[in-house]
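The values are calculated or read from the model by the stated rules, or taken from the named source; none is laboratory data. Note that the structure is a prediction, hence the values are computed from the model and not measured. Methodologically, a virtual Cβ is constructed for each residue, glycine included, from the backbone with ideal geometry; neighbour enumeration extends over all protein chains shown.
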Amino acid sequence: MADDTLPRVAAEPAALSTAEPSAPSTADSVVAAVRQVLATIPAGCTWLLPVRAPDGTVVDFVVAAVSAQGRDVHGRGAGRVGQPLSTLYPGMVAGVLWQAYQEVLATGEPAHLPDFRYAGHGAGVVADSVFDVSVHRVLGGLLVWWQRLDEHRLRLARTELLGSLGWAEYDLVTGGTEWSPGMYRIFERDPALGPLSRADQRAALLPADHGLREAAWQTLDSGAASDVTVRFRAGGTVKHLRILSDVARDEAGTPVKVYAVVQDVTGREDSRSAIEQLRDQLRSRETTALAEHRLAGQLQNLIQPVPREPVALAGLEVLVGYLPAESALRVGGDWYHAETMPDGSVVLAVGDVAGHGLEAASGMAHLRFALVAWLSIGIRDPAALLGHMNRLCGQLEITATAVLAVFDPATRRLAWARAGHPLPMLSRAGTTGDLGRPAGMLLGADPAARYPMLTTELRGDDVLLLYTDGLTERRVGNPEDQVAAVRAALSGFSGRPGPRHLARLRDALHRPSPDDDTCTLAVRVLP
């Protein structure tokens, strides 16, 4: 048979000696044809030809062709062609996969290794990788298909963990159910027990939310995707779960499978309840302006408590400042965010929702909680995050300003963008100026607005200041004088680095405004 016959070509010069193993020639027209075919395949695929000793024993394999996207764990592509496996992957010799190659070549029976583990060696190579490998005998050699699994599985697991997410699949034909690891985590259930049955899920749903469940099924029956938030008893508590589901149908239109993505939004709902409670308290006492000021302040502190001392983040020291307006009637929507992310980067943000009172504070809560949610699912691009905020402001019918930055402690590069917000200040070795001047429209003004991003390389002991306009704008006086005073204070501190550097900066930035709240985020790059 054709796939049992080696390409009929002359041996290469190195194979003419009877004392050395014979390697197949790579000049054969069949080899050339296979290379052309594999070069078009957008997946991991390799064609191997056996190297035989004088007695016919297979002692090695030569890479004869690779697919277009078939890079190995070392990042090598077509450069592997013509190289023996024993040289490319010495740790593979005599291992499980090597034995599978030998058996497939000898018997012609395909082999499948669904969880083959490869131990990488050397700097810059992942030490333990997992692959799905299939091996077939083709044209006297071995066609090896492979797909890397460990990176995909890790991304999925981290996404589910950070976003409190899980996915489920229900087969309406067989009655079977499949859950991702995130579902077991949400329902606090041992994976060894398998998914909850649909009957058990109905029993765990709070009776008051059965109407939402029926509405979701009616939505699916109509051909649309369903998006509901319902309450389940899980792990001895009541959880708020947002469920986005859709249906797959056969050619007759009959439902066959239901796909669902589930997110635990209990924390968000609890925070929303706390906000609504504060709002109700305010409405019952709105005749007293002082009560409104106090409740709005409580709301702001609930959402974003202000640490009294500088906070250590990856490669940075951060001092948060928040000063309410001197007027008791003008509580604003200023907010900040400073966090080291799981990937090691640091997110810094300051924003200001237009208006005052609880309406502005509520808008501030929406923006900050939304930012946390977007960060939890891996969005790190400042321009993309501002784009999401812009669309959210349009939906909430509010306007706001913001500046958002992501700092890489390994390179000290700061990627940032702004939306109608005062320009951040950078102070270095006693000199202070604007960090840059990118364009950026007010949030909520234009749903199609774009926010260009700038990248700045910072240095040790640099001081970066993100702030809201309450720091520099006054109804009385020249704003340029206020800006100059702030710059002078920053220059004095960046010119004299030392212990408790940012703590000493607090008093210099303590500039309460009679008309607007002031939020500052002073950041020092650690040497």
Hey, ASP132 farther than 28 Å from PRO42 by Cα, among the acidic types (Asp, Glu) and at pLDDT 80 or above or not: no
Sole residue being in contact (Cβ under 8 Å) with a residue 60 or more places away in the chain and part of a loop (DSSP other than H, G, I, E, B), chosen from GLY460, GLY440: GLY460
Any chance HIS240 is on the phi < 0 side of the Ramachandran plot and either part of a helix (DSSP H, G or I) or touching a residue at least 40 places away in the same chain (Cβ under 8 Å) (or both): no
VAL262 vs. criteria buried (at least 16 other Cβ atoms within 10 Å of the Cβ), closer than 30 Å to LEU414 by Cβ and either modelled with pLDDT of 85 or more or not assigned by TED's automatic domain parsing to the domain that holds MET425 (or both): no
Residue match in segment 364-373 (condition: free of Cβ contacts under 8 Å to residues at least 40 places away in the same chain, part of a helix (DSSP H, G or I), surrounded by fewer than 21 Cβ atoms within 10 Å (Cβ to Cβ) and of a type in the set (A, V, I, L, M)): yes
Unmet criterion (only one of (1) modelled with pLDDT of 95 or more; (2) surrounded by 14 or more Cβ atoms within 10 Å (Cβ to Cβ)) for THR411: (2)
Segment 444-456 - residue that is out of contact with any Pro (no Cβ under 9 Å at 6 or more places or on another chain) and in a loop (DSSP other than H, G, I, E, B) and, of those, surrounded by the fewest Cβ atoms within 10 Å (Cβ to Cβ): ALA448
Residue count, segment 30-58 (criterion: surrounded by 17 or more Cβ atoms within 10 Å (Cβ to Cβ) and small (Gly, Ala, Ser)): 1
Residue under evaluation ASP352, criteria (1) surrounded by fewer than 19 Cβ atoms within 10 Å (Cβ to Cβ); (2) over 20 Å from the mean Cα position of the chain (by Cα); (3) of a type in the set (D, E, K, R), criterion not met: (1)
Any hit, segment 462-473, residues being touching a Phe, Trp or Tyr at 6+ places or on another chain (Cβ under 7 Å) and more than 17 Å from ALA402 (Cα to Cα): yes
Residue, nearest to ALA312 (Cα to Cα), within segment 330-363, restricted to residues that are modelled with pLDDT of 85 or more and among the hydroxyl-bearing types (Ser, Thr, Tyr): THR340
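Considering only segment 387-401, state which residues are assigned to a helix (DSSP H, G or I), touching a Gly at 6+ places or on another chain (Cβ under 7 Å) and crowded, with 19+ Cβ neighbours inside 10 Å. Quick ask: steps written out before the conclusion?
If we filter segment 387-401 for residues that are assigned to a helix (DSSP H, G or I), which is where we start, we get 387-396.
Imposing the further condition that a residue be touching a Gly at 6+ places or on another chain (Cβ under 7 Å) reduces the set to 390, 393-394, 396.
Once the filter is applied, which keeps residues that are assigned to a helix (DSSP H, G or I), touching a Gly at 6+ places or on another chain (Cβ under 7 Å) and crowded, with 19+ Cβ neighbours inside 10 Å, segment 387-401 yields ASN390, CYS393.
Among residues belonging to segment 191-208 that are in contact (Cβ under 8 Å) with a residue 24 or more places away in the chain and either under 18 Å from VAL265 (Cβ atoms) or in contact with a strand residue (DSSP E or B) (Cβ under 6 Å, 6 or more places away or on another chain) (or both), point out the one that is surrounded by the fewest Cβ atoms within 10 Å (Cβ to Cβ). Break it down into steps so the answer makes sense when it comes.
Here is the first cut: in segment 191-208, the residues in contact (Cβ under 8 Å) with a residue 24 or more places away in the chain are 195, 198, 201, 204-206.
Next, from what is left, pick out any that are either under 18 Å from VAL265 (Cβ atoms) or in contact with a strand residue (DSSP E or B) (Cβ under 6 Å, 6 or more places away or on another chain) (or both): 195, 201, 204-206.
Values: PRO195: 20, GLN201: 16, ALA204: 15, LEU205: 17, LEU206: 12.
The extreme case among them is LEU206.
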Neighbours by Cβ (under 9 Å, 6+ apart or cross-chain): first from segment 490-511, farther than 17 Å from LEU323 by Cβ; second surrounded by 14 or more Cβ atoms within 10 Å (Cβ to Cβ) and at pLDDT below 70: PHE493/HIS501; SER494/HIS501
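Residues checked against (1) in contact with a Cys (Cβ under 9 Å, 6 or more places away or on another chain); (2) among the acidic types (Asp, Glu); (3) crowded, with 20+ Cβ neighbours inside 10 Å:
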| site | (1), (2), (3) |
| --- | --- |
| ASP434 | no, yes, no |
| LEU442 | yes, no, no |
| LEU458 | no, no, yes |
| LEU464 | no, no, yes |
| ASN478 | no, no, no |
Residue in segment 42-54 that is free of Cβ contacts under 8 Å to residues at least 40 places away in the same chain, part of a loop (DSSP other than H, G, I, E, B) and under 16 Å from GLY141 (Cβ atoms) present: no
Members of segment 463-483 that are outside any strand (DSSP E or B) and over 12 Å from THR518 (Cβ atoms): ARG475, VAL476, GLY477, ASN478, PRO479, GLU480, ASP481, VAL483
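Given the options GLU251, GLU214, GLU188, name the one that is part of a loop (DSSP other than H, G, I, E, B), acidic (Asp, Glu), more than 31 Å from the chain's Cα centre (by Cα) and surrounded by fewer than 17 Cβ atoms within 10 Å (Cβ to Cβ). Give the steps one after another, and end with the answer.
Numbers: GLU214 fails: part of a loop (DSSP other than H, G, I, E, B); GLU188 fails: more than 31 Å from the chain's Cα centre (by Cα).
On inspection, the qualifying residue turns out to be GLU251.
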